[in-house]
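Okay, so here's the structure we're looking at.
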């Protein structure tokens, strides 16, 4: 089973190549700077494409999860959405630095983003299947940590191979070939490191219903779950809490580099170094907290991480110089990975076995359905106040609200703690 769990954890490493190279750094900058008609229009169009993908995930994740629960199969769904991600990412090779390719780029990015997130629904649902309850936190943290490190390794490799001046492989920069080649590289990265998990037998032979019958029963059960939410009130409160602090995280990722550049005058190279530093800090934090998660449970671990995010966030908003800002930002990064890993382990422990895919579909919904809200509020408050510091303080409100609501959800105390507690 340990070998299966290692293969599972490396799926996070695989997906990080796409998210880092395409969504966050290389292709996003290429699109807004060289493909779209203008930088401002490109930023707006890019945000619209990512928001559209998020809406698809929010609506489709719970449906696909419910159908998979009824059908008793996870691997076909995981493999299908992984393939969508790989093919869409590779097809970005066709996007030239020409405004006529704008629609093609947006369609492929939206498709790849949706595929990546929907694959994550079934990937996350495998955690409680493969890991013992008392080891769920450890493996969730390992996966998140590998994801952050994998993103950095993939970015550095692509920079050395294609992107830097004097790169190992010399390509025509005028036609955007170095960036386009990184899309092929990211697609290959995903395929190679996802392959170990996809090669495993993850479902019982002959399990499940035919797809049409599974769809009919799955949709009916999803409707019943949503209508009678009181049966899963604790999980519902957890998903609402996660919706709040996930919005805070999404806003932090969207505006962290902008804040560093605008308030502290960091150059593009310095912002890239800043991103790498945060990723490595997040990976270290996820690994350190993984043991804490297995001892205290995901609820308490996520609560501690949110408290750390609040403390570090106050530091970044009040920092008066670069050195202080760097220190506070790395402190924030150390709690980004843990809150994500602990959230996943909490639901892995608490979701009913027969509803795991459905619940992780709703988990995906909670991370996407209002992801536009935080960035919109930060932009509005910044414009109103004329201060990036005041605008960024909105993120702290999301973290605080999420922490308060998280305190009301049931405990996911590890099994050994439950065994030591006398029955009531």
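The values are calculated or read from the model by the stated rules, or taken from the named source; none is laboratory data. Fair warning: this is a prediction, and the values are worked out from it, not measured in the lab. Every residue, glycine as well, gets a Cβ built from its backbone with ideal geometry; the counts of neighbours run over all protein chains shown.
In the range 140-153, the condition of being at pLDDT below 90, farther than 19 Å from residue 276 by Cα and buried (at least 16 other Cβ atoms within 10 Å of the Cβ) is met by no residue. Of the candidates 105, 64, the single residue that is buried (at least 18 other Cβ atoms within 10 Å of the Cβ) and either over 19 Å from the mean Cα position of the chain (by Cα) or closer than 25 Å to residue 272 by Cα (or both) is 105.
If we scan the range 202-211, do we find a residue that is part of a helix (DSSP H, G or I), modelled with pLDDT of 70 or more and either over 29 Å from residue 22 (Cα atoms) or assigned by TED's automatic domain parsing to the domain that holds residue 7 (or both)? No: the range 202-211 contains no residue that is part of a helix (DSSP H, G or I), modelled with pLDDT of 70 or more and either over 29 Å from residue 22 (Cα atoms) or assigned by TED's automatic domain parsing to the domain that holds residue 7 (or both).
Only one entry in 347, 362 is crowded, with 16+ Cβ neighbours inside 10 Å, at pLDDT 90 or above and in a helix (DSSP H, G or I), namely 347.
Filtering the range 231-266 to residues that are more than 9 Å from residue 398 (Cβ to Cβ), buried (at least 19 other Cβ atoms within 10 Å of the Cβ) and modelled with pLDDT of 90 or more leaves 235, 238, 239, 241, 242, 243. Condition check for residue 15 on (1) surrounded by fewer than 23 Cβ atoms within 10 Å (Cβ to Cβ); (2) at pLDDT 90 or above: one failure, at (1). Of the candidates 42, 33, the single residue that is over 22 Å from the mean Cα position of the chain (by Cα), surrounded by fewer than 21 Cβ atoms within 10 Å (Cβ to Cβ) and in a helix (DSSP H, G or I) is 33.
From the list 90, 58, 64, which residue is within 26 Å of residue 201 (Cα to Cα) and touching a residue at least 40 places away in the same chain (Cβ under 8 Å)?
On the way: 90 fails: within 26 Å of residue 201 (Cα to Cα); 58 fails: within 26 Å of residue 201 (Cα to Cα).
Sole residue among the options that is within 26 Å of residue 201 (Cα to Cα) and touching a residue at least 40 places away in the same chain (Cβ under 8 Å): 64.
Using the structure shown, decide if residue 308 is assigned by TED's automatic domain parsing to the domain that holds residue 255, free of Cβ contacts under 8 Å to residues at least 40 places away in the same chain, under 22 Å from the mean Cα position of the chain (by Cα) and under 18 Å from residue 252 (Cα atoms). Give the derivation first.
Values: assigned by TED's automatic domain parsing to the domain that holds residue 255: yes; free of Cβ contacts under 8 Å to residues at least 40 places away in the same chain: yes; under 22 Å from the mean Cα position of the chain (by Cα): yes; under 18 Å from residue 252 (Cα atoms): yes.
For residue 308, the condition - assigned by TED's automatic domain parsing to the domain that holds residue 255, free of Cβ contacts under 8 Å to residues at least 40 places away in the same chain, under 22 Å from the mean Cα position of the chain (by Cα) and under 18 Å from residue 252 (Cα atoms) - is met.
Residues of the range 157-176 being surrounded by fewer than 22 Cβ atoms within 10 Å (Cβ to Cβ), in a helix (DSSP H, G or I) and in contact (Cβ under 8 Å) with a residue 12 or more places away in the chain, which ones?
Residues of the range 157-176 that are surrounded by fewer than 22 Cβ atoms within 10 Å (Cβ to Cβ), as a first pass: 157, 159-161, 163-176.
Those still in the list that are in a helix (DSSP H, G or I) too: 157, 159-161, 163.
157, 161, 163, listed by residue number.
Just one of the listed residues (423, 375, 410) is modelled with pLDDT under 80 and in a loop (DSSP other than H, G, I, E, B), and it is 423.
Can you find a residue in the range 111-118 that is under 20 Å from the mean Cα position of the chain (by Cα), more than 22 Å from residue 363 (Cβ to Cβ), part of a helix (DSSP H, G or I) and at pLDDT 85 or above? Spell out the reasoning first.
Step one: filter the range 111-118 for residues under 20 Å from the mean Cα position of the chain (by Cα), giving 111-118.
Checking the rest, the ones that are also more than 22 Å from residue 363 (Cβ to Cβ) come to none.
Checking the range 111-118: not a single residue is under 20 Å from the mean Cα position of the chain (by Cα), more than 22 Å from residue 363 (Cβ to Cβ), part of a helix (DSSP H, G or I) and at pLDDT 85 or above.
No other residue among 89, 20 is within 16 Å of residue 107 (Cα to Cα) and part of a helix (DSSP H, G or I) apart from 89. Taking the range 285-305 as the range and being over 17 Å from the mean Cα position of the chain (by Cα), closer than 17 Å to residue 331 by Cα and surrounded by fewer than 23 Cβ atoms within 10 Å (Cβ to Cβ) as the test, the residues that pass are 288, 303, 304. Name the single residue, out of those in the range 381-396 being in a helix (DSSP H, G or I) and exposed (fewer than 14 other Cβ atoms within 10 Å of the Cβ), that is modelled with the lowest pLDDT. Result: 383.
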